[in-house]
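A.B. asks: Here it is, the structure in full.
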Amino acid sequence: MIDPERYQRVKDVVDLALKVERKAWPSWLAERCGDDVEVFLEVTTLLAASQHVDPTFIEGTALELLPAQALGGRIKP
Amino acid sequence: MPHSTQVTQLLIRWSSGDSEALAKLMPLVCEQLRDLAGGYLRNEAAGHTLQPTALVNELYLRLHGCRTVNWKNRAHFFGFAAQTMRRVLVDHARGRKRAKRGRGERPVSIDGSFDLMQDPQSLDLIRLNDALEALETLDPRQAEIVNLRFFVGLTVEETAAVLDISAPTVKREWKLARLWLYREMRGPSTAK
């Protein structure tokens, strides 16, 4: 796993990349990440996740996402 | 007045040195969490009545126990609430998983594929907990933001007030943390 200090750099790059047109990412990322392959890999996998992430993923609260039977047993009306 | 507004106002009073605000804050937070559980139960009922089980009872008991703690600040207090919620819910999810295995049922959400997140009900809390533990070592503040938002249900503004950072910072960190956790939960192909 990447170290905490470099993760801060990864976050900065991802945050900026999300404001850049996707088709410009390859050259833009190459310029931003330079020779740092680890940062480049972290950034690209996070950007890939941004293209697939379900909008509902951990939106709401943990209690709302629990199956009904986890919170209560059903009783007939 | 909505609870969230009251909570925010009490947080501001507390941060300004009003020690009485803390005493009023605790029951409000407990009530907010109870409302979350109650609202969920009502939504799920659909013609049935749902009876709170040991999970909800345990949650209340543990949260009421925090009245005796000497709180250092808002972050300490809400951090406790978030950790309590998380521990109770994850322990419960583990118990359910063990019970399913015991009955020979196929566990839910085992492969970590993107599909497992398509249905919010199938979110695997155990995997989320594992990913959050990894994020805590990498970026403790980002993990704390997730704890407060997801396990306590604080808004962006409330989270910002609790952690004494700006709302835009919370939004940015939340957005990036979601991506990081989502990627981690995809499975073994994740870059680490």
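A.B. asks: Does B:Ala167 fit the bill of being more than 7 Å from every other protein chain (Cβ to nearest Cβ), over 16 Å from A:Asp15 (Cβ atoms) and either surrounded by fewer than 16 Cβ atoms within 10 Å (Cβ to Cβ) or in contact (Cβ under 8 Å) with a residue 60 or more places away in the chain (or both)?
C.D. replies: The answer is no for B:Ala167.
A.B. asks: Another question about this same structure. Taking B:Phe150 and the conditions (1) modelled with pLDDT of 95 or more; (2) out of contact with any Leu (no Cβ under 7 Å at 6 or more places or on another chain), which numbered condition does it fall short on, given that it satisfies the others?
C.D. replies: Looking at each condition in turn, B:Phe150 falls short on (1).
A.B. asks: Quick check on my filter: what residues within the range A:42-63 are more than 29 Å from B:Gln83 (Cα to Cα) and small (Gly, Ala, Ser)?
C.D. replies: A:Ala48
A.B. asks: Within the range A:1-23, track down each residue that is part of a helix (DSSP H, G or I), among the hydrophobic types (A, V, I, L, M, F, W, C) and modelled with pLDDT under 95.
C.D. replies: Residues satisfying the conditions do not exist here.
A.B. asks: Only residues that are at pLDDT 95 or above and part of a helix (DSSP H, G or I): list them for the range B:153-176, please.
C.D. replies: Matches in the range B:153-176: B:Ala167, B:Pro168, B:Thr169, B:Val170, B:Lys171, B:Arg172, B:Glu173, B:Trp174, B:Lys175, B:Leu176.
A.B. asks: Check whether at least one residue in the range A:54-75 is modelled with pLDDT of 95 or more and at the interface with chain B (Cβ under 10 Å from one of its Cβ atoms), and report yes or no.
C.D. replies: No, the range A:54-75 has no match at all.
A.B. asks: Something else about it: If a residue must be more than 16 Å from the chain's Cα centre (by Cα) and either at pLDDT 90 or above or surrounded by 19 or more Cβ atoms within 10 Å (Cβ to Cβ) (or both), how many such residues does the range B:110-147 contain?
C.D. replies: The total comes to 6.
The values are calculated or read from the model by the stated rules, or taken from the named source; none is laboratory data. Model, not experiment: these values are computed from the prediction. When we count neighbours, we look across all protein chains shown, and the Cβ atoms used for this are built from the backbone with ideal geometry, even at glycine.
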